[in-house]
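Only the coordinates and a few stated rules stand behind these numbers; no lab work does. A quick note: this is a predicted structure, and the numbers were derived from the prediction, not measured. We place every Cβ from the backbone using ideal geometry, glycine too, and count neighbours over all the protein chains shown.
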Amino acid sequence: MCSVCGCGEGETRIEGHEYEHTHDHGHDHHHHRHHHDGHTHDYGLGPAHAHAPGLSQSRMVRIEKDILGKNNEYAKANRGYFASHGILALNLVSSPGSGKTSLLTRTIDDLKSDLSLAVIEGDQQTANDAERIRATGVKALQINTGKGCHLDAHMIGHALDGLAPEDGSVLFIENVGNLVCPAAFDLGEAHKVAILSVTEGEDKPIKYPDMFHAADLMILNKVDLLPYLDFDVDKCIDYARRVNPGIKVLQLSATRGEGLETWYQWVWATRQVSLIGHPSLADSA
Amino acid sequence: MHEMSLCEGVLKILEQNACTQGYRRVKTVWLEIGVLSCVEPEAMRFSFDLVMDGSLAEGATLEIVRMPGEAWCMQCARTVKVNQRYDACPDCGGYQLQVTTGDEMRIKELEVE
């Protein structure tokens, strides 16, 4: 990954892309990137020129730049791409083991005959999840973030080149299982969907407030297990609303099928919104 | 450890501005980090030294300016102080708060030569 927005950038692999960066994480870092940008400046390695002895050349420079500015530019470009192609992009975020991939495969099985779907899978290692999705007959592309803990907008931009989702389709981006880092990185998606299983703590929305603040929809998964657990659903929803008064909440079981219909209604309704301005795509399921 | 990526973002901005602002070395970086942003200052310091190593900002000092959190309480119709995303309004106890400042992550200024 040549962008700055990905951590562990030397290890990011996108299926179908030849990113063989073998530089070690240290001294070659900025040279490598400068090479990428087509610059050949050499900063600060030689002696400072025209340096009068005893006279400091220090000065102050006001910058006022957002640290995530670069990622946000890529995200804006992705958002523009989605808008011009009438694609609904959903960024699925959760901790590992919440049932994100199970919900996704079930959703694909149930919706693929009526909707055009595509998937970007983010994991640190293995292409297992993308293979699981491709087995359902839907286009999927794996991004391995290596040591990285989240997907960034630049990775998504490259993945779109390879994946080429159809106009009017629904693109599910399954982020790396992590309730912390993906919160800060806008991918250009229409909505972040946070999946929380009832086998986790009901106080996760306030333990990881950034994520639940960034999400527009919270899905409580594995509700079929509620009779066996002490999970207080109302309390969990109350916590989520504290960090995000506007968050919508759905309760379902991806494996038993309970409540899935409400999730599908949400996907359909949200897709309708992304098709505004694309009347010709409305029937192109 | 997204602080590592954030530091790489900082380095990129330093490198880009070196061309336009005409400096060769960065000695101090002032960052404004809001208390409601998803940044842990200690993790940021740790990552900063690692990421800047070998760059134009090698050995640079990192100064983190913490920005207080403020939110607009819809019930009280006024600005209140908050320290966490899940804080209630200190006056009415409600959670209908819209954060107005405190989530910034910005490079404020640099000492360069």
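Odds and ends about this structure:
- Evaluated over the range A:68-144, the Cα radius of gyration and Dmax, each in Å: 13.8, 39
- Placing one equal scatterer on every Cα of the protein assembly as shown and applying the Debye formula, the log10 ratio I(q)/I(0) at q = 0.14 Å⁻¹ is -1.26.
- Annotation: amide H of residue A:248 within the under-5 Å range of A:217, A:218, sequence separation 5 or more or interchain, hydrogens built in the peptide plane.
- Residues in the range A:135-143 carry Karplus couplings, in order, of 4, 7, x, 9, 4, 9, 9, 9, 10 Hz; the curve used is 6.51 cos²θ - 1.76 cosθ + 1.60 with θ = phi - 60°, and Gly or Pro positions show x.
- Relative pair counts by distance (%), Cα atoms of the range A:128-285, 10 Å bins: 9, 33, 39, 18, 2
- Potential lengthening of the chain between residue B:78 and residue B:42 amounts to 9.7 nm, from the contour at 0.36 nm per residue minus the alpha-carbon distance.
- Set of the range A:88-128 residues, backbone N closer than 18 Å to the point 7 Å along the Cα-Cβ line of residue A:226: A:99
- The HN-Hα couplings worked out from phi for the range A:61-66 by the Karplus form 6.51 cos²θ - 1.76 cosθ + 1.60 (θ = phi - 60°) are 10, 8, 10, 6, 10, 5 Hz, whole numbers, x standing for Gly and Pro.
- Distance in nm between pseudo-label sites at residue A:233 and residue A:255 (7 Å out along the Cβ direction from Cα): 1.8 nm
- Under the convention that each Lys and Arg Cβ holds +1 and each Asp and Glu Cβ holds -1, the size of the dipole of chain B around its Cα centre is about 280 debye.
- Theoretical ellipticity at 222 nm over chain B - DSSP helices of four or more residues, -39500 (n - 2.57) apiece, nearest 500: -9500 deg cm²/dmol
- Note on residue A:282/residue A:248: beta-carbon distance plugged into 1/(1 + (r/R0)^6) with R0 of 35 Å gives a FRET efficiency of 0.90.
- The range A:121-208 - Rg and Dmax from Cα coordinates, angstrom: 13.9, 39
- Close amide H contacts of residue B:82 (hydrogens built in the peptide plane, cut-off under 5 Å, sequence separation of 5 or more or a different chain): B:69, B:70, B:71.
- Ascending count of other beta-carbon atoms within 10 Å, so fewest first, for A:207, A:139: A:207, A:139
- Whole-Hz ³J(HN,Hα) from phi, Karplus 6.51 cos²θ - 1.76 cosθ + 1.60, for the range A:200-210, glycine and proline x: 9, x, 6, 8, 4, x, 8, 6, 10, x, 4
- Taking the fewest neighbouring Cβ atoms within 10 Å as the starting point, the ordered list for A:87, A:237 is A:237, A:87.
- Between the amide H of residue A:197 and those of A:221, distances stay under 5 Å, these residues lying 5 or more places away or on another chain, with hydrogens modeled in the peptide plane.
- Distance from the range B:31-103 to the range A:242-267 (C-alpha centre basis), Å: 30 Å
- FRET efficiency for the residue B:28 to residue A:83 pair, using the beta carbon distance and R₀ = 41 Å, is estimated at 0.50.
- The Rg/Rh ratio for the range B:12-86, using Cα coordinates for both the radius of gyration and the Kirkwood hydrodynamic radius, is 1.15.
- Distance (nanometres) between label positions extended 7 Å along Cα→Cβ at residue A:199 and residue A:114: 2.9 nm
- Shielding by partners - mean other protein chain Cβ count within 10 Å, residues of B:46-55: 3
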